[in-house]
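Take a look at the structure below.
The values are calculated or read from the model by the stated rules, or taken from the named source; none is laboratory data. Computed from a prediction, not measured in an experiment: that's the story for all the values here. Here the Cβ positions follow ideal geometry from the backbone for every residue, glycine too, while neighbour counts run over all protein chains shown.
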Amino acid sequence: MSPKQQIDIGKLQDEYKDQFLGIEGMSRKRDMEHDVTLVNGELVEQLRLTNLVKASTSATRRGRSRRKGVLKGDGDIDNAGIDSDSSDIKSVKERTGFDDTPFGTELSGSCENASISTRCKISSKKFHRDLPPTPVFAYGTTRAAATVPGPTIKALHGVDTYITWQNHLPSPHILPWDRTLPTAIPHTGKGIPTVVHLHGGIHEPESDGNSNSWFTDRFKDRGPTWTKKKYRYGNTQHPGNLWYHDHAMGLTRVNLLAGLVGTYVIQHPDLEIPLGLPYGDEFDRPLMIFDRTFKSDGSIYMNSTGDNPKIHPQWQPEYFGNTIIVNGKAWPKIKVQRRRYRFRILNASNARFFRFFFSNGLKFIIVASDSAYIATPVVVDKLLLAPSEMADVIIDFSSSTTNETILANDAPYPFPSGDLTDEINGKVMKFVINKEKVLDDSKIPKRLMNYPKPEISHASKSRYIALYEYTSKTGNPTHLYLNGKSYDEPATETPKIGSTEVWDVINLTGDNHPLHIHLGLFATLEQRELVDIENLKMCMKKLNNATECNVSKYVKGRRIPVPSHEKGWKNVFKMRPGCLTRILVRFALIHTNASYSFDASAEPGYVYHCHILDHEDNVMMRPLKLIS
């Protein structure tokens, strides 16, 4: 790549101290009795909603082979905006004098009918001031309001949210679409399939966003398990942080890369306000973080030459971008006061793990994880988040010994044994801290929320879940399976509604896989290294039966402590390579122990999968069928 074909990273970094990245568009709560949405400060007649909706934004990074660490040529066969010149990639290195990070708009309305009509459209987004506008797929209540990420939906506990997800995406796709994977293929051959999953939500299967429940523009074409246009989210679960994203079969990784992501918060003021945590738009903020790579025309770059092109012309094991994005801006900078702030951090990357730390030693005070508060605050120096994991943290800037600090990252990619971070991808965002302390009425309570402790004695059934990776003769991955089965094979995990189960997850691969279970929440009981793992692999690939392979004789290695802040109820956990991880899975509401208010046994059921999206699409996902 010649100097003229890429952004001068060093020059951008020289501007670091001169530019302030402000937080724009922070919305204020308004009391509205009529149906309006507030879009970038303008009232637009649109919908009725009890929930606050904020539009946030996200951004960019680069694709590379995980095995060889090289950037291959780009030769797409059926996708717009992709050419064969890999030198055209725009390497947007850290402009450490960062851009603004807008946090969005707000929507409020009547409590009797919380309803949103949200569209996914092709739009353009300026991720950085030195980048041309980027074509993206975006959620929004109107075309003008569509953003990446989409509107942040703030739901009230116990009040239904109804969302009509609409698809207005024209063909062709803006990113490579590998049709050799099990993927959603429109019957007409036209249109881009989408379907939305509310990650961490406890809701009816008809509204779960099954991968085969996809639909195309204006519902012209529909997948085999399509259910309905308007999804219902009951919001009866405990308060916490969720997010929504596309979930179309074989297209999840590219549709998310294109921009189809957004955050969703379930609030329970009666329980949360007494905690005294930082609150309000200024002091309680979402941070959606992911990576992308851009070409010189501003478009998102994704390598369209697969590691095994004779098998999968375009699929690669993981996507890693060269630009870190926070709320829609590359390497942002924000100004904060010397007081406590609350940040709801989501790793929305396809495959990148983040191990966050502050350059000046500030600590993370963790108060909640994926979708649930923990029992007591936990203080850590570093915070490891896998793709799709969330951490709800308090940062006390009054304890800072400096007037600025960098939120940094040192997680190898792929995790845990890949390339080390560098001066570029090792930086996430910058905080500029006011010199003077201010009055702060927030606090860190000694106790947060107590939910029933995970008790293995409550389990009615135990299961083995084995993680497999299959490779070509050259050692490059060809596909990944759970329990040695494809997604289309009948469900083998059939828990009873209201039950608790023990799942022993055996990771036979070299990767750390963030396992996500739809509907169910789980707690991690134990992690233990496997011994003589090569013999276990041979037996498992031959028999695909952990009992017949006597897996217990291999579970003799070192015990890996579960981090204190990850011992509570979660919907994602990092399955360490070469380990057996024991989790306790609950298929009922954790805060009341009550069963669901809907029929969880209805079609099309649920799924569980690895949340490295490139793995999920090829096809590290299995059906989960609950029974009455």
Open item on the list: Checking the conditions here, which among CYS579, CYS610 is in contact with a helix residue (DSSP H, G or I) (Cβ under 6 Å, 6 or more places away or on another chain) and over 14 Å from LYS625 (Cα atoms)?
Closed with: CYS610
Task: Cross-chain or 6+ apart pairs with Cβ under 7 Å, region 455-469 first and part of a helix (DSSP H, G or I), then among the aliphatic types (A, V, I, L, M) - done: ILE456/VAL502; ILE456/LEU525; ILE456/LEU584
TODO: Tell me which of these VAL531 doesn't satisfy, since it passes every other one: (1) in a strand (DSSP E or B); (2) free of Cβ contacts under 8 Å to residues at least 40 places away in the same chain; (3) among the β-branched types (Val, Ile, Thr).
DONE: (1)
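Could you list all residues from region 414-436 that are touching a strand residue (DSSP E or B) at 6+ places or on another chain (Cβ under 7 Å), part of a loop (DSSP other than H, G, I, E, B) and buried (at least 22 other Cβ atoms within 10 Å of the Cβ)?
ASN425
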Task: From the options ALA411, ALA391, residue that is in a loop (DSSP other than H, G, I, E, B), touching a residue at least 12 places away in the same chain (Cβ under 8 Å) and among the aliphatic types (A, V, I, L, M) - done: ALA411
- [ ] Return a yes/no flag: does region 547-555 have any residue that is touching a residue at least 40 places away in the same chain (Cβ under 8 Å), out of contact with any Asp or Glu (no Cβ under 7 Å at 6 or more places or on another chain) and either under 23 Å from LEU519 (Cβ atoms) or not polar (S, T, N, Q) (or both).
- [x] yes
Open item on the list: Among the residues that make up region 185-196, is at least one of them more than 30 Å from SER628 (Cβ to Cβ) and either of a type in the set (Asp, Glu) or assigned to a strand (DSSP E or B) (or both)?
Closed with: yes
TODO: Would you tally the residues in region 217-228 being basic (Lys, Arg), without any contact (Cβ under 8 Å) to a residue 24 or more places away in the chain and not in a strand (DSSP E or B)?
DONE: 1
Open item on the list: With the condition being over 23 Å from the mean Cα position of the chain (by Cα) and in contact (Cβ under 8 Å) with a residue 24 or more places away in the chain, I'd like the strands (runs of 3 or more DSSP E) fully within region 279-349 carrying at least 2 qualifying residues.
Closed with: 333-338
- [ ] Quick one: in region 497-542, of everything that is under 22 Å from ARG558 (Cα atoms) and basic (Lys, Arg), which residue is surrounded by the fewest Cβ atoms within 10 Å (Cβ to Cβ)?
- [x] ARG528
- [ ] Determine whether region 203-216 contains at least one residue that is within 19 Å of the chain's Cα centre (by Cα), in a loop (DSSP other than H, G, I, E, B) and either of a type in the set (Ser, Thr, Tyr) or outside the structural domain of HIS245 (by TED's automatic domain parsing) (or both).
- [x] yes
Open item on the list: Just the residues that are at positive phi and buried (at least 24 other Cβ atoms within 10 Å of the Cβ), please, taken from region 275-332.
Closed with: ASN327, GLY328, TRP331
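One line per residue, one yes/no per condition, for (1) part of a loop (DSSP other than H, G, I, E, B); (2) under 29 Å from GLY201 (Cβ atoms); (3) of a type outside the set (Phe, Trp, Tyr); (4) out of contact with any Ser or Thr (no Cβ under 8 Å at 6 or more places or on another chain):
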{"site": "GLU526", "(1), (2), (3), (4)": "no, yes, yes, no"}
{"site": "LEU536", "(1), (2), (3), (4)": "no, no, yes, yes"}
{"site": "ASN545", "(1), (2), (3), (4)": "yes, no, yes, yes"}
{"site": "CYS549", "(1), (2), (3), (4)": "yes, no, yes, yes"}
{"site": "HIS565", "(1), (2), (3), (4)": "no, yes, yes, no"}
{"site": "PHE573", "(1), (2), (3), (4)": "no, yes, no, no"}
{"site": "ALA594", "(1), (2), (3), (4)": "yes, yes, yes, yes"}
TODO: Can you tell me which residue within region 555-603, out of those that are among the hydroxyl-bearing types (Ser, Thr, Tyr) and surrounded by fewer than 23 Cβ atoms within 10 Å (Cβ to Cβ), is farthest from GLU534 (Cα to Cα)?
DONE: SER597
Open item on the list: Can you tell me which of (1) at negative phi; (2) in contact (Cβ under 8 Å) with a residue 12 or more places away in the chain is the one ASN593 doesn't meet?
Closed with: (1)
